[in-house]
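Only one structure is covered here, and it is reproduced in the block below.
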C-alpha cells in the first residue's frame, strides 16, 4: 500500500543512480489498484465496478539476492548485492514521518495509518552510538559519495551502473556493513535498533510484526 508518483524519465534515472545504480535494490513491476480517498478496510467498495489496475515500477530489496546463488565464496559476496536479512532495522524518525505524513495527506486507509504510527523509530541512546555514527559516516561516506558522483557520468539511460562500477559500489556497501557488524556494533552499540532497558530484541520485533487487522 502506498502512493504512486509519475516522474519523468530523467527524474527516474536520478532516483536509480542515487539509490545505488541497481546494486542495492531490484527494480520490479507492481500491479496497482487505485483506492478512492477515505476508503476503509474492510468495507463494501464505494464503487459499482472494480477500478482498472495499472502497473508501476518500484525498487525492492529482497531478503536474499535472487540473481546469485545462495552459497557463494567470501570474495563473491563482497561484490554482490548486500544482504541484510534478519537485521530487523528500525527506520529513522525522519523517514517514518515522511511515510506517516504522506499516508495522512493522501487519505490512505486508517488501519494502515495506525500501523505506521505504531512503529518505533531508531533512537540513539548513548554517547558511544553517536561517536560510532560519526566515525562510520566519516570513513564510508566519502567513498560512497565518490561512487555516486562517478555514476552520474557512466549510468545508462535507466540510471543503472555498468558492471564494473556496480561491483565497486557493492564492495563499498559490503565493506561498510562488514565494518559495522565486526567492529562498530561491538564497540559503540547497536546502530539499527533502539535497545530499551527491560525489553528484549525479540519482544520489540514481535510487537512491530503484528497483523494490520489484528
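The values are calculated or read from the model by the stated rules, or taken from the named source; none is laboratory data. Just so it is clear, the model here is predicted, and its values are computed rather than measured. Every residue, glycine among them, receives a Cβ derived from its backbone with ideal geometry; neighbour counts consider all protein chains shown.
Specify the residue that is farthest from residue 23 (Cα to Cα); the eligible residues are those in the stretch 79-106 that are outside any helix (DSSP H, G or I) and at pLDDT 85 or above. Selected residue: 106.
Checking each residue in the stretch 89-102 for being over 13 Å from the mean Cα position of the chain (by Cα) and touching a residue at least 40 places away in the same chain (Cβ under 8 Å) picks out only 102. Would you confirm whether or not the stretch 125-137 contains a residue that is surrounded by 14 or more Cβ atoms within 10 Å (Cβ to Cβ), part of a helix (DSSP H, G or I), over 18 Å from the mean Cα position of the chain (by Cα) and without any contact (Cβ under 8 Å) to a residue 40 or more places away in the chain? Within the stretch 125-137, none of the residues are surrounded by 14 or more Cβ atoms within 10 Å (Cβ to Cβ), part of a helix (DSSP H, G or I), over 18 Å from the mean Cα position of the chain (by Cα) and without any contact (Cβ under 8 Å) to a residue 40 or more places away in the chain. Of all residues in the stretch 4-21, those being modelled with pLDDT under 80 and assigned to a loop (DSSP other than H, G, I, E, B) number 3. Figure legend. Inter-residue proximity from the stretch 168-187: first residues assigned to a helix (DSSP H, G or I), second residues at pLDDT 90 or above and buried (at least 17 other Cβ atoms within 10 Å of the Cβ), beta-carbon distance below 6 Å, spacing 6+ or different chains. Indicated pairs: 184/132; 184/136.
Being part of a helix (DSSP H, G or I) and either more than 27 Å from residue 58 (Cβ to Cβ) or modelled with pLDDT under 90 (or both) narrows it down to one residue among 159, 141; which is it? Working first, answer last.
On the way: 159 fails: part of a helix (DSSP H, G or I).
Going through 159, 141 in turn, the sole match is 141.
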